[in-house]
1. Could you pull out the residue among SER394, SER357, SER412 that is among the small types (Gly, Ala, Ser) and modelled with pLDDT of 85 or more?
2. Give me the pairs: first residue in the stretch 325-336 and at pLDDT below 85, second residue of a type in the set (D, E, K, R), beta-carbon distance under 6 Å, and six or more apart or on different chains, which are they?
3. Only one of GLY323, GLY381, GLY369 is of a type outside the set (S, T, N, Q) and at positive phi. Can you tell me which?
4. Need at least 1 residues that are under 22 Å from VAL296 (Cβ atoms) and within 26 Å of the chain's Cα centre (by Cα) per element, so show me which strands (runs of 3 or more DSSP E) inside the stretch 309-400 make the cut, counting only ones lying wholly within it.
5. What are the residue pairs meeting all of these: first residue in the stretch 44-72, first residue in the same structural domain as GLU105 (by TED's automatic domain parsing) and free of Cβ contacts under 8 Å to residues at least 24 places away in the same chain, second residue part of a helix (DSSP H, G or I) and polar (S, T, N, Q), Cβ atoms under 6 Å, and 6 or more apart or on different chains?
6. Name the single residue, out of those in the stretch 280-314 being at pLDDT below 70 and small (Gly, Ala, Ser), that is surrounded by the most Cβ atoms within 10 Å (Cβ to Cβ).
Amino acid sequence: MTRMSLASAIRLTPWRFLLSRWPYSAALYVGVCILLAPISVAAVSTVFLIPLWGAVLAHIDRRTVTLLGRERIQEARVRAPFERFGDRVRAQLAEPITWRESGYELIHLVIAIAAFGLLSLAWTFFATGGLVPVILFVNAVNDAPSPLGEVTSGSLVWAIPLALLSLLLVLYATSGIALGLSSIAAKMLSPRPEALQRQVAQLARSNALIQDEFDTRLRDLERQIHDGAQIRLSTAALHLGLLEHRLQSARGTQDDADECLAILETVRSENEMSMDALRDSMKSLRPRTLQESGLVSAIREVSRTLPMSIRVEGAEGLRLPVGAEYSLLQIAKEALNNIAKHANASEVDIEFSVTASQSELVISDNGKGGANPFVGTGIIGMQERAQLLDGSFSLSSPPGGPTRLTVRVPSSAANDSKGP
């Protein structure tokens, strides 16, 4: 069954169109457009408010098009993970969608003014052509004086059809304006193919990073099993073969018995070492320090390899589930690597805290600032890791510094997380 909308309803017969909800939904849509016009005039007159009001207006119109039976327009703006308002504004001004929204704001204003003038004229025609004769006739029935002279019942013969024709004209004009404006909104406010391609490329990069990390850990695990457990088990098998040979050739002497016992002891020892090697291999899937001492100790271990003064604060005994600790450690590693490469910082402060409702990791440095999440994949990757835990990621990095990165993970999300 085809979904009904204003675009399909306008093709109905005039009578069916008038009895449907669509012309009145269109009137509401255009009415909202006209009501928002004064704000657009104020924004345009100040110039610097054009992008800000353009974003708000676009946010509204992406939703109001549903009044006309259209699908809600998908959001095309990428949310910048900045805490400071100025940083967010600078990041958004670099986005092409900001200027498309500003252009739409100007078009919206022109259409609103034109619609107001056209509909005012149409309603005036409707009132003078249809309602005035009716009012005059009512006044005549009540013996009220008429400024336009004598009015008879014959006036209604042409007044009523003219009123209906005027109303039909107003509703069709309103519907046409609504269709035109909503089409422009869909064209200008929808995500561009290149934006979708960037999102696909970003997902591909994220998947590639995850795959690289998985491959690296798989190779490490393979090497540890080969160099540890496999060699131990091979040695144990060799000694078992030797024991079998001795038992087959044994003649019951004490020396043979002692030698067999020694071989059995060697096999037992090799088996124990094989089990230890397998346990170590399994632990290697998660960093040993993280496994044994927790996130704070693991971050301290990472910080010792970097040429900066790094202060790590947080209770050693605070522990999270495997997935949350591992993800926060990877975020801390990425942040520290970015600081070492790009920030020119000499001091870094890392604070980790856990409450009943959330865990918070804060990393700040005294570097040059100006971090841009839309350049490279590091910041976006950290944001995605936080989002996988149903957490939040925010960044404050004004030019000149300091830079402050905050990751918050809700306790419920952390408890449900799974390890790498």
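1. SER394
2. SER327/ARG385
3. Matching residue, one of GLY323, GLY381, GLY369: GLY369.
4. 347-354, 358-365, 392-396
5. Once the first residue is in the same structural domain as GLU105 (by TED's automatic domain parsing) and free of Cβ contacts under 8 Å to residues at least 24 places away in the same chain and sits in the stretch 44-72, its partners that are part of a helix (DSSP H, G or I) and polar (S, T, N, Q) give ARG72/THR66.
6. Restricting to residues being at pLDDT below 70 and small (Gly, Ala, Ser), the top hit is SER281.
The values are calculated or read from the model by the stated rules, or taken from the named source; none is laboratory data. Only a predicted model underlies this, so the values are computations on that prediction, with no experimental measurement involved. When we count neighbours, we look across all protein chains shown, and the Cβ atoms used for this are built from the backbone with ideal geometry, even at glycine.
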